[in-house]
Amino acid sequence: MIDHKRNYVDSSVCRDQVSKAWKIIQNQFEYEKRDQSDAIGRYWDIHNCILNDNQSYSGSSHVYVPAVRDATEARVKRFQSMLFPKIGNQLDVISESGDRPDATIAVLEHYVLTSNLETLNPAVLRLGDVEGQWSMEVMWSKKEGVARRVREVFDQESQTNVLALQAETVVHEGPRIEAIAAQDLAVYPSTAESIDDAEIVTRRLWLTDSAMDQYVEEGWFDQKARDSATKTTKNSPAQARSEDAGQRQQPNSNDLYQVYKAWFEIRFPGEKEKTSGIVFLTSAKNILGIHANHYWSGRTPVVSAPVEKIAGSFWGRSKYAHVEQLQYQLNDLTNMSTDSGGFSVMPIVMTDPVKNPMISSMILGLGAIWQTNPNDTQFVEFPPLWQHGFQIAASLKMQIMESMDVNESMLGAAPRGRKNAQAIAQESQAAMASITDTVRRYETGILTALMEWFYELDQQFRDDELLIMETGRIGIQAKMEKVPPFQLYERYWFKWNGSEQMMGAQRIQQMIAFMNVARGIPPQQLGMRRLDIGPILDFIAESVCGPVMKGEVLIDLTKEATMKPEQEDEIMANGLPLPVHPADNDAEHIAAHQQAAASTGDPHATIRAHIMLHVQQIHAKNPTPPPQQGAPGIPGGSGPGGPQPAPGVAGSPRPGAMPMQPRNVQNPAGAVHPDHMQDQSAMPRG
């Protein structure tokens, strides 16, 4: 049986298989990826506005026009705002039973925050535009720390409560993600459609001495092999990006170890079939570690997708490949025009040296006197070539923006020329079409796959309870059920829907119109159907109010369960507010909470606020005479078909109408104007 904690570096059977795989890995990084790495180096020079040997003009001016960089940053900002909207849950989970697993969604949303995915995401988007590939590795991180907190303890000598400092061991665990540069990732064969279809996936690591020692302590590296490893003088992509930011290092002061981390099938000793394994090595002779893949699914924990998919290839094409020569030409024309502009402001003096022997005295200065015949001296101007040069440069810049699917609205600039609201809206809708296409491919290829990994790692590694905020209501996520890997994708399906939350204004308006129409249909015309507008209300409330406020606006009584007062005290002791449940024994809870407030001092005042809610609930439970119902046709009265307010009455929206003609759409109150829709399916006025 395979031991997942053992390092099989001493097994000759495993070493022979690794040596064969090393030939493929070495060939990929030293030959197959050479052209790709060279091109990516040029693309990063373009992004960092560095003039290089690709410029054909060499003059006095050294200006770099950041047209490609501006387009990339505009794309990154727009993509980020759509992927992580400030309102609404960007994650949706579909279960096999059809219900909504709120606890699972809350856990994944918690991991999105703790893994700093929103902070790392712009860097991955930028890598995609520059290098042509979005790539990340996901892993489980578990660290122990010491937390010190002040608590009241009873002192036997003084017979009073005193403050004491107590140290506790706190475990911080959760998924961790790292962005991977395209130069550091190799997939064999390169024609594989995805990571799961590849035979060998290799990531090149650049490790310091302390990182190498940490791998030895964790059992990944063999100590003897680690001592035999030698440093490299090559610069890693991360070092190159640091140098681009202005961080310079002395020569050979920051040499790193170049370690290859590979995932491929290995036949371990005593096994008849191959199993997924993880290998660390620096060369064919220096193998640091050979391990069995410790993940339940046996998959490679690398998430990668191309920006522009090329049929028959795993890798995508960089957006910079289409505009590289345009950027070089733009720089040359700009520098030529700048030099020409400098020449044009200086007049040219034409004189005859035979008739004017006093040339040395013709010095340009204030009040200067030239001893020469005015007819023998002429002034001319340098041709204003800079005007034509800047016109051509502007055309090149517009072509770069068009090639990178960027327009003026994405750059945050006002449209040029006189344009009405309809023309501006049409330009915005045209930009949204290309943006939505890229964002949805990123959601499917990267973020959705990342959420699947978050769920799988949580199922496998987390054993402790996790205190989370669940859609605005406080809940305790207990130890989750251990789901075998073959049931993982049969029980839950994950979907990142940040773009849909960002662009759902038209959908919400259509839902409101449909809901108003449906609620007016008599029950006898539904045909063995029952109208339930609860899901529509949940969707609208979460999209408009956000996941936190939505839980306070629409309270799902089926998700509420009474808790023991001791559990509530533990939650409120951490400063988290807690609502009361209608089924609580208010008197019993008040007595327990008062005792907890006295012992802890209630520093956050959450326990006292909770006691007041119990007192209010006691008064609310007392029977009171029902209010007098109003007459039909009066707000609060009965309308046709039931106790709901009548259509057309103040306080009740009138039934909407489904749109029939573009100019006869009846939208609900507060609808977004068609010219201001941020939705590619919501066309402006024609």
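Where a number appears in this text, it was derived from the coordinates with a stated rule and is not lab data. Please read these numbers as outputs of a predicted model, since none were measured by experiment. Positions of Cβ are backbone-derived with ideal geometry, glycine not excepted, and every protein chain shown enters the neighbour counts.
Please tell me which of these pairs span more than 19 angstrom C-alpha to C-alpha: 5/274; 23/285; 5/285; 20/261?
5/285
Kindly state, to the nearest 0.05, the FRET efficiency for residue 616 paired with residue 294, given R0 = 60 Å and r defined as their beta-carbon distance.
Details: r = 52 Å, r/R0 = 0.87.
About 0.70, to the nearest 0.05.
Taking the Cβ-Cβ separation of residue 394 and residue 346 as r and a Förster radius of 25 Å, what is the calculated FRET efficiency to the nearest 0.05?
0.50
What whole number of Å gives the distance from the Cα centroid of segment 181-242 to the Cα centroid of segment 1-75?
12
Near residue 615, within a Cβ-to-Cβ distance under 13 Å, what is the net charge of the other residues, with Lys and Arg +1 and Asp and Glu -1? If you can, show how the numbers build up before the last one.
Numbers: positive: 608, 621; negative: 584, 586.
Surrounding charge for residue 615 is 0.
Modelling each spin label as a point 7 Å along the Cα-to-Cβ direction, I'd like the residue 31/residue 532 distance in nm, to one decimal.
For the pair residue 31/residue 532, the computed spacing is 6.3 nm.
Going by how many other Cβ atoms sit within 10 Å of their own, how do 119, 436 line up, fewest first?
Going from least to most buried by this count: 119, 436.
Sort out for me the Cα centre separation of segment 441-461 from segment 280-308, rounded to whole Å.
Here the two parts' Cα centres lie 17 Å apart.
Quick check: net charge around residue 53, other residues with Cβ under 14 Å of its Cβ, Lys/Arg +1 and Asp/Glu -1?
Details: positive: 42; negative: 38, 45, 324, 332.
Computed value for this residue: -3.
About its Cα centre, what dipole magnitude does segment 561-620 give when the only charges are +1 on Lys and Arg Cβ and -1 on Asp and Glu Cβ, stated in debye to the nearest 20?
140
Test of understanding: ordering 77, 285 by Cβ neighbours within 10 Å, fewest first, what list do you get?
Values: 77 15, 285 11.
With the sparsest Cβ surroundings first, the list reads 285, 77.
For each of 308, 271, count neighbouring Cβ atoms within 10 Å of the residue's Cβ, then give the residues from fewest to most.
Sorted ascending by nearby Cβ count, the order is 271, 308.
Please compute the Cα-Cα pair-distance distribution of segment 561-620 with 5 Å bins starting at 0, giving whole percents from short to long.
Percent of pairs per bin, in order: 4, 22, 37, 25, 10, 2.
Among the aspartates and glutamates, select those whose C-alpha is under 12 Å from the C-alpha of residue 495, and discard any that sit fewer than 8 residues away in the same chain.
Filter leaves 92, 443, 452.
Order these peptides, 218-230, 321-333, by their mean beta-carbon neighbour count within 10 angstrom, highest first. Write down the numbers at each step before the final one.
Details: 218-230: 15.0, 321-333: 19.1.
The packing order, highest mean first, is 321-333, 218-230.
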